[in-house]
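The values are calculated or read from the model by the stated rules, or taken from the named source; none is laboratory data. Everything numeric in this text was worked out from a predicted model, so none of it was measured. Neighbour counts run over all protein chains shown; Cβ positions are idealised from the backbone, glycine included.
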Amino acid sequence: MDTSTSFASVADTDSVEGFFWPRDRFYDRAGRIISISHWAQLRGDCEYAVIGDWCDENGSAVRTVWTGFGFSYGHSESLIFETHSIVGDEALFYTYRTEADARRGHDETVLRISTGPEQGDRFATPPGVTVQAVQFPRFLDREGNSIPLAQWARLRRDPRYCMIDRWRGEGGAHSEVYWVGSDPSPGFNARRVSFGLSVAAFDNCPLPDSEYRFFTEERAVDHFRRIVPLVERGIRPWDDNEVKAAGFEPLVLRAW
């Protein structure tokens, strides 16, 4: 896919080192900046990377991990911890700045799922996930091909490759769809999540900051193109009734 057209509208006004495209930064669990090689080594250590694992007999699962990878474009805080949950066919994820927040979020997610209807409360490793399965992080290009760390790092420095499209609205509202290329929680799912969509709207829509992850570029771009008109009109994308009343098809805003 030629990304030059979709990126051209913002490339002329934003520098690589400016507000729009800060460099990727890598952090340890304490929030200290570390080298990319040190980050990759720590990401391959299950005991260091995994904060908490849980599942029940129904197949629901919650996993919280340290990602250590700050890639929130245009945002000051680095959200370097994530909780991933799977309940039935719904998969969601939540991000945090500190390990304390991540541990609290993990416990709250487990409690919410385990106390729901017909849910168990057995703490264990999610189905199909073992310590041996959580290995050195995999890196993928936009076509889904496995690539070495060095190639991934080079591509991450190229905004024309990483940023697929971006929209800016009034009052600070904006949305970006982008390539990440590093699976945040290796071993949790068979498919790799390589693309992200972030949405922030302030004056016209009560959506302070939300992020979604996708397996494919096509699905990420489709959601981006469908969500921007909603935010422009002050419509909350997760409110199906509000979306339908405005004449739009409801979105399935899931992490995967």
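General observations
- Where a residue in the range 38-50 is over 11 Å from TYR27 (Cα atoms) and its partner, wherever it lies, is surrounded by fewer than 15 Cβ atoms within 10 Å (Cβ to Cβ) and among the small types (Gly, Ala, Ser), with Cβ under 9 Å and at least six apart: CYS46/ALA133
Per-residue answers, yes or no, for (1) at pLDDT 85 or above; (2) within 28 Å of ILE113 (Cβ to Cβ); (3) surrounded by fewer than 19 Cβ atoms within 10 Å (Cβ to Cβ):
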position	(1), (2), (3)
HIS38	yes, no, yes
GLY44	no, no, yes
GLU47	yes, yes, yes
VAL65	yes, yes, no
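- Being outside any helix (DSSP H, G or I) and either modelled with pLDDT of 90 or more or buried (at least 18 other Cβ atoms within 10 Å of the Cβ) (or both) holds for only one residue in ASP101, ASP107, ASP53, and it is ASP53.
- Within the range 194-221, the set of residues being modelled with pLDDT under 75 and crowded, with 23+ Cβ neighbours inside 10 Å comprises ALA201 only.
- Pairing each residue of the range 219-230 that is in the same structural domain as GLU143 (by TED's automatic domain parsing) with any residue that is surrounded by 15 or more Cβ atoms within 10 Å (Cβ to Cβ) and assigned to a helix (DSSP H, G or I), provided the two are 6+ apart or on different chains, yields C-beta distances under 8 Å for LEU230/VAL243.
- Residue satisfying condition, being modelled with pLDDT of 85 or more and part of a loop (DSSP other than H, G, I, E, B), within set GLU143, GLU176: GLU143
- Complete set of residues in the range 160-186 that are surrounded by 19 or more Cβ atoms within 10 Å (Cβ to Cβ), under 19 Å from ASN145 (Cα atoms) and not small (Gly, Ala, Ser): CYS162, MET163, ILE164, TYR178, TRP179, VAL180, ASP183, PRO184, PRO186
- All of (1) modelled with pLDDT of 80 or more; (2) surrounded by fewer than 16 Cβ atoms within 10 Å (Cβ to Cβ) hold for PHE224 with one exception: (2).
- Extreme residue, modelled with the highest pLDDT, among residues of the range 227-256 that are under 24 Å from GLU82 (Cβ atoms) and of a type in the set (Phe, Trp, Tyr): TRP238
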